[in-house]
């Protein structure tokens, strides 16, 4: 949606007919230089009031740190920033602060050791620390799987959820993130395994699509690719009625078409 004042951003979201957002303060709110110590109650009140005036909910706060950053000092600072989001989330009218499971590479690009036990144990340590803080604040940590990160499969996600059974750890489900060129033809099975393994802890859904181009999986707006939205939306309708879908890989010029596609899919009979 771009980077604007809170009031202008909320106005643009409302004008598109959208009801809620995932808000990354440093990317979306003009003038916010997101550093440790910057978030405060006054900022939260101003931003939440602007969104409320336009009838838009802040569903998720995005704080996509690398929880297994290879530099221990950077990791500590990043975890501290995430905790600040947790401390102030309710002041933004929000209950979920989200992140991905990270990579041994500082920039979160793929690393061969991400699938190993050591990386998982590092993630577990960071997540346990964040969830303890979320419990104190009465909010939720939303964790998102990515096929090239530590939580790369439905089974790895289930393992983390079993290790931290707290209701203050929930899933931001993005089915495309679990796909690759190697497994994309198994997308229905991967989605079904996800539903079986952690469906009860899905708190919000990211809606985008994918296609294969030049031998690579590339993401695209919902309805313009190969994702089986019929399966996804039928399961959500049965098991998570009213859950929020957050459009990704979607600019203002594509919102109407994506919204219409999703609405049509939800009204169509599912085989």
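The values are calculated or read from the model by the stated rules, or taken from the named source; none is laboratory data. The structure displayed is predicted, hence computed values, not measured ones. Here the Cβ positions follow ideal geometry from the backbone for every residue, glycine too, while neighbour counts run over all protein chains shown.
The set of residues from region 33-42 being at pLDDT 95 or above and either more than 20 Å from residue 89 (Cβ to Cβ) or in contact with a helix residue (DSSP H, G or I) (Cβ under 6 Å, 6 or more places away or on another chain) (or both) comprises 39, 41. Scanning region 1-18 for residues that are in contact with a strand residue (DSSP E or B) (Cβ under 9 Å, 6 or more places away or on another chain) and under 15 Å from residue 258 (Cα atoms) turns up 1, 13, 18.
Evaluate the following for residue 181: is it assigned to a loop (DSSP other than H, G, I, E, B), loosely packed, with under 14 Cβ neighbours inside 10 Å and at pLDDT 95 or above? When the stated conditions are applied, residue 181 passes them.
Out of the residues in region 146-173 that are out of contact with any helix residue (DSSP H, G or I) (no Cβ under 9 Å at 6 or more places or on another chain) and surrounded by fewer than 21 Cβ atoms within 10 Å (Cβ to Cβ), which is nearest to residue 98 (Cα to Cα)? Of everything passing the filter in region 146-173, 165 is nearest to residue 98 (Cα to Cα). Inspect region 28-40 for any residue being assigned to a loop (DSSP other than H, G, I, E, B), touching a strand residue (DSSP E or B) at 6+ places or on another chain (Cβ under 8 Å) and within 21 Å of residue 207 (Cβ to Cβ) and give the result as yes or no. No; the residues of region 28-40 include none that is assigned to a loop (DSSP other than H, G, I, E, B), touching a strand residue (DSSP E or B) at 6+ places or on another chain (Cβ under 8 Å) and within 21 Å of residue 207 (Cβ to Cβ). Residues in region 96-114 that are touching a helix residue (DSSP H, G or I) at 6+ places or on another chain (Cβ under 7 Å) and on the phi > 0 side of the Ramachandran plot: 102 alone.
A quick yes/no check of all residues on (1) part of a loop (DSSP other than H, G, I, E, B); (2) under 23 Å from residue 26 (Cβ atoms); (3) within 17 Å of the chain's Cα centre (by Cα):
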residue: 68; (1), (2), (3): yes, yes, no
residue: 103; (1), (2), (3): yes, yes, yes
residue: 133; (1), (2), (3): no, yes, no
residue: 149; (1), (2), (3): yes, yes, yes
residue: 155; (1), (2), (3): no, no, no
